[in-house]
Amino acid sequence: MELIRLDDVDFAYDDQRVIRSLSLGLQEGEVTVLVGPSGSGKSTVLRLVAGFEAPDRGRVTLDGKVAAEEGRIVWPPETRGVSMVFQDLALWPHMTVGETLEFVLGPHLPRDERRRRIDEVARMVGLERHLGARPARLSGGERQRLAIARAIVTRPRILLMDEPLANLDPPLRLALLTEIRQLQRRLGLTILYVTHNQQETFSLGDRAAVIRAGTIEQTGRPRELYEHPGTAFVASFLGRCGVLSGLLGAGIVETALGALPVLDGATSPAPEVSVVIRPEDIGVAAQGPFEGRVERAMCLGERFEIEIAGPGWRLWAMTRHEPELGGMVRFSVGRIAVIAREAPTMIVA
């Protein structure tokens, strides 16, 4: 069931329109990752969901009831059951962990209930031994956990997270992603998580929505978007890929690389298509039907990611053997995605 929804929303700061005809629904009890480049409108979507802004056009509904529409906020932020974790964390430097959590809970709860909730949340995020510490005494990961604890101690229905792990090193980011996922499942939270990071999208999201220039390009399960992109932008933003122009025929698509097979009966509104090829779908082998020059190589530990190029095309592949820069390699192509050039229709081989 959709807990909150934005329908055909426009929003502008002064004369600069940053959200354009955007529609997005959050399923109750799921993590929706809003992913897109800087300046695409991700943080503005959070502000609209939180109730900090009202849409210029369209509406925001909560539990099927209008929460805001066309310049009017019906449900202010404090009535929506929403908490937020900011990118810069915005922790209060003069308050200890315990004081921060108690301040957020406010005086309306009995003291014993406040103490119980503080102890419970501190244990959840691993800060039970740091209740007397101020943020300056905490590590980066502990400060992140405090920001999350402050957001969930009030038991919100919806948790908004604005690139909260952007400043952490990769191992700590991965550990905290796991902890956020565990907390979400334990508490049954509905989360809207904003990022431009592909790993966070796939590690955390039940659903993903790719945003570009204030408009949602495609939504779906993260793996589905990766394997079945609706546009070349979605394909390239969610992972490394080569995109070739092609002409779709009966069972094949003609590209600068050569003829590539597609599913029998594949159709497109027009023969002009784009072909998406991922690195993992290219097999580097001496008997491969295609040949290209190694332009670049990057060591990824046990494997190398290589860029292969030829007349009018450029692809990426994975290999376990260190390549010779400038040398020729042969390869085969497995699964491809074929996207109609002028429409989001997609066919997968």
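Some points to look at:
- Scan of the range 154-176 for residues that are surrounded by 19 or more Cβ atoms within 10 Å (Cβ to Cβ) and either acidic (Asp, Glu) or in a helix (DSSP H, G or I) (or both), ordered by number: 162, 163, 173, 176
- Residue match in the range 137-153 (condition: surrounded by fewer than 22 Cβ atoms within 10 Å (Cβ to Cβ) and in contact with a Pro (Cβ under 6 Å, 6 or more places away or on another chain)): yes
- Qualifying residue in the range 320-328 (condition: buried (at least 17 other Cβ atoms within 10 Å of the Cβ), in the same structural domain as residue 253 (by TED's automatic domain parsing), over 26 Å from the mean Cα position of the chain (by Cα) and modelled with pLDDT under 95): yes
- Residues (closer than 11 Å to residue 61 by Cα and not charged (D, E, K, R)) located in the range 5-22: 6
- Residue in the range 187-196 that is exposed (fewer than 15 other Cβ atoms within 10 Å of the Cβ), hydroxyl-bearing (Ser, Thr, Tyr) and either more than 11 Å from residue 31 (Cα to Cα) or outside the structural domain of residue 100 (by TED's automatic domain parsing) (or both) present: no
- Selection status of residue 75, in contact (Cβ under 8 Å) with a residue 24 or more places away in the chain, surrounded by 16 or more Cβ atoms within 10 Å (Cβ to Cβ) and either in the same structural domain as residue 166 (by TED's automatic domain parsing) or among the β-branched types (Val, Ile, Thr) (or both): yes
- Count of the range 28-49 residues, restricted to those that are more than 20 Å from residue 238 (Cβ to Cβ) and in contact with a Ser or Thr (Cβ under 8 Å, 6 or more places away or on another chain), is 2.
- Those strands (runs of 3 or more DSSP E) lying entirely in the range 1-89 with at least 1 residues farther than 27 Å from residue 183 by Cα and of a type outside the set (Asp, Glu): 2-13, 16-27, 57-62, 65-69
The values are calculated or read from the model by the stated rules, or taken from the named source; none is laboratory data. Everything quoted here is computed from the prediction, not taken from an experiment. Ideal geometry is used to build each Cβ from the backbone, glycine not excepted, and the neighbour counts take in all protein chains shown.
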